[in-house]
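Asker: Structure below; questions to follow.
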Amino acid sequence: MVDNHPFNALNLTTIPFDEQACIFDNQFILAGDLDDGTPMRDLNQDPTMRHFLTSPYPFKIQFSMLQLCLGGRMRVRLNFNEYELHHNSLQIVTPGSIGQCLEISPDCRIVLIAVSSNYIFTEENSEAALIIRKFLARQRPLELTDAQTSQILSICRTLRDKLRQADFRFKHLVLKGYMQVLYGEICQLMAPYVQEQETRQGSRKKQIFDRFLEELRQHYTTERSIHFYADRLCLTPKYLSQVILAVSGRYAGDWIRDYVILEAKALLKSGQYTVQQVSDLLNFANQSFFGVYFKRSVGCSPTAYKES
């Protein structure tokens, strides 16, 4: 989803990092436990990180992010799914995602790359882009071997060292080049999982369901009708509903409602918008309709949720 709202939830300029982080042009951040000799710190005890790690509310993430867990564990919720990152887990988060850190162990070691849209991985290679999209549709971390993790870390260390050279004039070129190298490495690691998934779930119904979710992620803030998505997929509403129920065990309306409600919750808790503004951003006819829709799903009014 392309986020057109001035949503001030979690962007690159608001991420707190210590002095060891490598920050370039306010558009790229590389941080975390890159060196084995660096003393391990308990992120739960870091006052600059505590707000983000213990917040009871989700954040709207406005950038691309890669998290590589080197040890310990971190439990996170991303959109509607809950995951645990552990040793050699790699997770990619795309802009527009709504995430929350639920728990992090004292011995957790994380390497994080965050990039603005100006440095997002390009899609010049259609095959690689398709692999990335198909893997991310699985909505789960990529599990690596020790050797694969070492390869990713080697790229990150080399990039960090180059960006820290004060007299190096072509850092923009180096950054984009290394991001493409990293992109290629990740595509290579994802390819076997995608191939296995397609072999196991290569039915037409699964393909239709995946396309429905892709359309939903792009249009849920403006379209809540199954007829709209059926038209986008050149199917009848009845057939699309049957396919979604058969593949996922849930009705199409449940998927649409969950996306809308999650967005509404994040907007309400951001502190940036009134209930009326949230209603307008989500294209409800009026605040009353939005209130009924929200209460039916959440069990309380938008105002009560916002003030809780």
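The values are calculated or read from the model by the stated rules, or taken from the named source; none is laboratory data. Keep in mind the model is a prediction, meaning the values are calculated, not measured. Positions of Cβ are backbone-derived with ideal geometry, glycine not excepted, and every protein chain shown enters the neighbour counts. Ligands, DNA and RNA are stripped out before the accessible areas are found, and what is left, the full protein with its side chains, is counted by its heavy atoms. Shrake-Rupley method; radii C 1.70, N 1.55, O 1.52, S 1.80 Å.
Asker: Can you find even one residue in the stretch 117-133 that is of a type in the set (Gly, Ala, Ser), in contact (Cβ under 8 Å) with a residue 24 or more places away in the chain, surrounded by 14 or more Cβ atoms within 10 Å (Cβ to Cβ) and within 21 Å of GLU263 (Cα to Cα)?
Answerer: Taking every residue of the stretch 117-133 in turn, none turns out to be of a type in the set (Gly, Ala, Ser), in contact (Cβ under 8 Å) with a residue 24 or more places away in the chain, surrounded by 14 or more Cβ atoms within 10 Å (Cβ to Cβ) and within 21 Å of GLU263 (Cα to Cα).
Asker: Between SER288, SER301, SER270, SER308, which is within 21 Å of GLU223 (Cβ to Cβ) and small (Gly, Ala, Ser)?
Answerer: SER288
Asker: Count, please, the residues in the stretch 223-267 that happen to be outside any helix (DSSP H, G or I) and of a type in the set (Val, Ile, Thr).
Answerer: Looking only at that region, the number is 1.
Asker: Another one. For the stretch 236-283, how many residues meet the condition of being open to solvent by less than 20 Å² (accessible area, probe 1.4 Å) and of a type outside the set (Gly, Ala, Ser)?
Answerer: Count: 13.
Asker: Among (1) part of a loop (DSSP other than H, G, I, E, B); (2) more than 25 Å from ARG157 (Cβ to Cβ); (3) open to solvent by 40 Å² or more (accessible area, probe 1.4 Å); (4) at pLDDT 60 or above, where does GLY96 come up short?
Answerer: (3)
Asker: Being at pLDDT 60 or above and open to solvent by less than 70 Å² (accessible area, probe 1.4 Å) narrows it down to one of ASP46, ASP42, ASP35, so name that one.
Answerer: Testing whether each residue is at pLDDT 60 or above and open to solvent by less than 70 Å² (accessible area, probe 1.4 Å) leaves just ASP35.
Asker: Within the stretch 190-225, take every residue that is in contact with a Leu (Cβ under 8 Å, 6 or more places away or on another chain) and free of Cβ contacts under 8 Å to residues at least 60 places away in the same chain and give me the one that is nearest to GLN27 (Cα to Cα).
Answerer: So the residue we want is MET190.
Asker: Just give me the residues in the stretch 239-255 being over 23 Å from the mean Cα position of the chain (by Cα) and without any contact (Cβ under 8 Å) to a residue 12 or more places away in the chain, in sequence order.
Answerer: TYR239, GLN242, LEU245, GLY249, TYR251
Asker: Something else about it: I need the full set of residues from the stretch 268-298 which are within 26 Å of LEU78 (Cβ to Cβ) and assigned to a loop (DSSP other than H, G, I, E, B), in order please.
Answerer: The answer is SER270, GLY271, GLN272, TYR273, LEU282, ASN283, PHE284.
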